[in-house]
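The values are calculated or read from the model by the stated rules, or taken from the named source; none is laboratory data. Owing to the predicted nature of the structure, the values given are computational and were not obtained by experimental measurement. Positions of Cβ are generated from backbone atoms using ideal geometry, with glycine treated the same way; all protein chains shown enter the neighbour counts.
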Amino acid sequence: MLGLPRSTEVNRRVAKEKLYANATLTTQLRDMIKDQIESVVWRNKLADSTVGVAAGETVKEIQVFEVALRQRGLDKRVLLAIAKAIPYKILFVLTFGDEAQSWMEASGTFYNTDWFPLGGFTLKFEGLNLDAVYENLSRQIAGGRLGTEGDIAEAVDRDKQRQKLERDIAALEKKVLREKQFNRQVELNSELKRLRVELEGLG
């Protein structure tokens, strides 16, 4: 899977009971895992001993988990709960039928790819150490939203600001269309212009 070397393969099924035991789960989350997930398989382990890439300062290992779904989509809170239960960074590959989707957490925020045909998608595992490999994977999965260089935490912050501005702009555009008073329209358009300039400044 994902074209990783054989030396990284683990291919061990993770029992849902183990997730229940290790994760702090509400009844709702437990039900979601039961209803939405068919199985979880620990596919690969990327570490100094398996790929010959040095451990990073923060990333010592990267695990690849394949999560087979019962429906086309998974509540993000389930991934958060699994990620918290496991003391390593995880690349999640969700599969449903003959499609797959990758998810990864960067600086406290989850990013994901679109759905793609199984076997028709590869990620580049590049970097001088596992910190760099993890950052590169996060940027690929985020699909350009985190840029290609600079501090990843700052990139995630910028992306959050960008998303908030985009939401504010969309809401304001609707307000302008509904507003009947000309003076108020002028005020709203002026605010809209300011937000668009701010958004452009984020790049």
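Things to note:
- Residue check for K45: in the same structural domain as K89 (by TED's automatic domain parsing) and either in contact (Cβ under 8 Å) with a residue 60 or more places away in the chain or over 21 Å from K124 (Cα atoms) (or both): no
- The criterion of being among the hydroxyl-bearing types (S, T, Y), surrounded by fewer than 16 Cβ atoms within 10 Å (Cβ to Cβ) and within 21 Å of W103 (Cα to Cα) does not hold for S7.
- Each residue in the stretch 170-203 was checked for being within 24 Å of S107 (Cβ to Cβ) and of a type in the set (A, V, I, L, M), and 2 of them qualify.
- Verdict on G201 being surrounded by fewer than 14 Cβ atoms within 10 Å (Cβ to Cβ) and over 30 Å from P5 (Cβ atoms): yes
- Options A55, A21: the member that is among the small types (G, A, S) and surrounded by 13 or more Cβ atoms within 10 Å (Cβ to Cβ): A55
- Criterion violated by T122 - all others in (1) part of a loop (DSSP other than H, G, I, E, B); (2) touching a helix residue (DSSP H, G or I) at 6+ places or on another chain (Cβ under 7 Å) satisfied: (2)
- The single residue among Q36, Q101 that is more than 20 Å from E9 (Cβ to Cβ) and crowded, with 20+ Cβ neighbours inside 10 Å turns out to be Q101.
- Residue selected from the stretch 69-98 under the condition small (G, A, S) and surrounded by 14 or more Cβ atoms within 10 Å (Cβ to Cβ), by the criterion farthest from the chain's Cα centre (by Cα): A85
- Test: residue in the stretch 122-137 that is surrounded by fewer than 17 Cβ atoms within 10 Å (Cβ to Cβ) and either within 13 Å of the chain's Cα centre (by Cα) or acidic (D, E) (or both): yes
- Inter-residue pairs, beta-carbon under 8 Å, first under 14 Å from G201 (Cβ atoms) and in the stretch 161-180, second of a type in the set (D, E, K, R), 6+ apart: R162/R145; L165/E198; I169/R196
- Among the candidates E38, E57, residue that is out of contact with any Gly (no Cβ under 7 Å at 6 or more places or on another chain), outside any helix (DSSP H, G or I) and over 22 Å from T109 (Cα atoms): E38
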